[in-house]
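Data block below; observations after.
The values are calculated or read from the model by the stated rules, or taken from the named source; none is laboratory data. Quick caveat, the model's predicted, so the values are computed rather than measured. Here Cβ is always computed from backbone atoms with ideal geometry, including for glycine, and neighbour counts include all displayed protein chains. Protein only, heavy atoms only, side chains kept; ligands, DNA and RNA dropped before computing areas. Shrake-Rupley method; radii C 1.70, N 1.55, O 1.52, S 1.80 Å.
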Amino acid sequence: MDPLSFFSHQEQVVWASQAELNSNLHLTTLGMKLLFGLVVLGAGVHVALRHGCEKLGFRIYGSAGRSIKAFRVLERLSDPGGREPSRWITDLLYPIFLMMLWSIVVLPISYFGSFVLGHERGLLTMSAGLWWSDWTKGMLMGAVFSGFLGLGLFGLARRLPRTWWVLLWVAVVGMLLVWSMLSPYRAKMFNEFKELPPGPARSAVETVMEKAGINLSHIQVINTSKRSRHAAAFVMGTGPSRRVVLGDNLVRNFNPREIMVALGHELGHEREKHQDRGWMTMSLAALVFLVLVRLILLWAPKVRGLGLRPDADPAVLPLVFLALLLL
C-alpha cells in the first residue's frame, strides 16, 4: 500500500528527517557509553570510586553499624573472612554511584532527546519541572535496583564462589516477575489512574476484549495528557495486577471504533503471549549476563593495570558495562 495514499510527501520528508535525527542520537549515546567505559577504566576512576565508597562505608558502619543487628547478617554475607565488616556497604554504594555518574554524563543528550525535541515536534505537554521530577524519580528507582543487585552479586560471589551466579539468577528471575507484577503500582509514582466509567468507550473496550477471548477486570485511564499528546493503549501488570490501560488522549480524542483498533493491536500481543516470551528472553539474558560477570570476576583481576582485587571487587562493574556494550 502506498503511504502517499494517507500522508503527503512533505509529511513523509519531515518524519524521515526526524527518524534520522533519532538514529544519530542513538548512535551518539552508544558512542558515549563506549567512551565512558574506556575513560573510567583507563583513568582509574573505577578504583578511585571504590576507595571513596569504602571510606563512606567505614564512616556509616562506625557511626551506626555496630548497633544495628541487620547489619551483622549483611556483614556475614559480604565478608566471609570477617576482615572488613563494612564491605557490604561498598557493594551497595558502588553500583549506585556508578549509575549516577553515567546518568549525569548523558543528562544533556537525554534532556535534548526526550524533552527539547518532544516540544519542538509538538508531542509533549509536560513542563521542565515535571521532566526533572520524573528524572529524579527514575534515578531513585534505579538506585534502589542497582544497590540491591550489587549487594547480592558481590556478597554471594564471595560467600559461594562457584554457585553464586545460579542462585542469583533464580533471584533475578523472581525479581523480574515481581517487578512486572508491581508495574501498575510503580507507574502511580508518575501518573494518575482512574477506572474507565460506563459509556461508549468502555463498551468498545469490553467488546474487543470479548472477541479476543481476554478477560481482565480492570479497565483504567491514565493521564497521559499531563506529559504528552500521544494516544496510547496497553496492557500492564502480571497475574492479579494485569489490566487494560487507555491514555486519556485516546479516550478524549478518538471515537469508540478507533479505540477498538488501538486496543486490538495490544490485545494481539496478549493472544500471542508476547509478554511471556519477553519475560523468558529477559530471564535468558540475565543468565548470560551473570555468566559473563562470573568470567570477568575470574579473569579481570589477573590483568595488570586494572587494579582489581581477586575477591569479587565491585570496581569490576565498568568492565562488565563495557563488555556488555561490545557484545
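Taking a point 7 Å out from the Cα of VAL303 in the direction of its Cβ, the residues of region 89-114 whose backbone N falls within less than 20 Å of it are 95, 98-99, 102.
Determine the dipole magnitude for the chain: charges of +1 sit on the beta-carbon of Lys and Arg, -1 on that of Asp and Glu, nothing else is charged, the reference point is the Cα centre, and the result goes in debye to the nearest 20. Please list the in-between numbers first.
Numbers: 34 positive and 22 negative charges, 272 e Å.
Roughly 1300 debye for the chain.
Per residue, the convex hull spanned by the Cα atoms of region 179-327 measures out at 154 cubic angstrom.
Counting pairwise Cα distances across region 1-159, what percent come out greater than 29 angstrom?
Details: 5189 of 12561 pairs.
The calculated P(r) of region 1-159 puts 41 percent of pairs beyond 29 Å.
If you roll a 1.4 angstrom probe over the protein chains with everything in place, what fraction of the accessible area of the chain belongs to carbon and sulfur, to the nearest %?
Details: 12290 of 18610 Å².
Solvent-exposed carbon and sulfur of the chain make up 66 percent of the total.
Among complete DSSP H helices in the chain, those whose alpha-carbon atoms stretch at least 24 Å along the helix's long axis and whose mean Kyte-Doolittle hydropathy reaches -1.0 are 9-42, 45-64, 87-105, 128-159, 164-181, 274-299. Under the criterion of Cα pairs below 8 Å and six or more residues apart, the relative contact order for region 78-196 equals 38 percent.
Checking the cross-link pairs LYS55/LYS302; LYS188/LYS211; LYS33/LYS273; LYS33/LYS188; LYS194/LYS226 against a 22 Å limit on the alpha carbon distance flags LYS55/LYS302; LYS188/LYS211; LYS33/LYS273; LYS33/LYS188 as lying beyond it.
For the chain, what does the relative contact order come out to in percent, with C-alpha contacts under 8 Å and a separation of six or more? The partial results should precede the final answer.
Working: 330 pairs, mean separation 64.5, N = 327.
Relative contact order of the chain: 20 percent.
Quick check for you: with a 1.4 Å probe and neighbouring chains kept, what is the accessible area per residue of the chain, in Å²? Walk me through the numbers before you get to the answer.
Values: 18610 Å² over 327 residues.
Roughly 57 Å² per residue, with all protein chains present.
I'm spelling it out carefully: the read-out is Cα Rg over 2.2 N^0.38 Å, the candidates are (i) 0.98; (ii) 1.20; (iii) 0.94, and one was derived from this structure. Which label? Here Cα Rg over 2.2 N^0.38 Å agrees with entry (ii).
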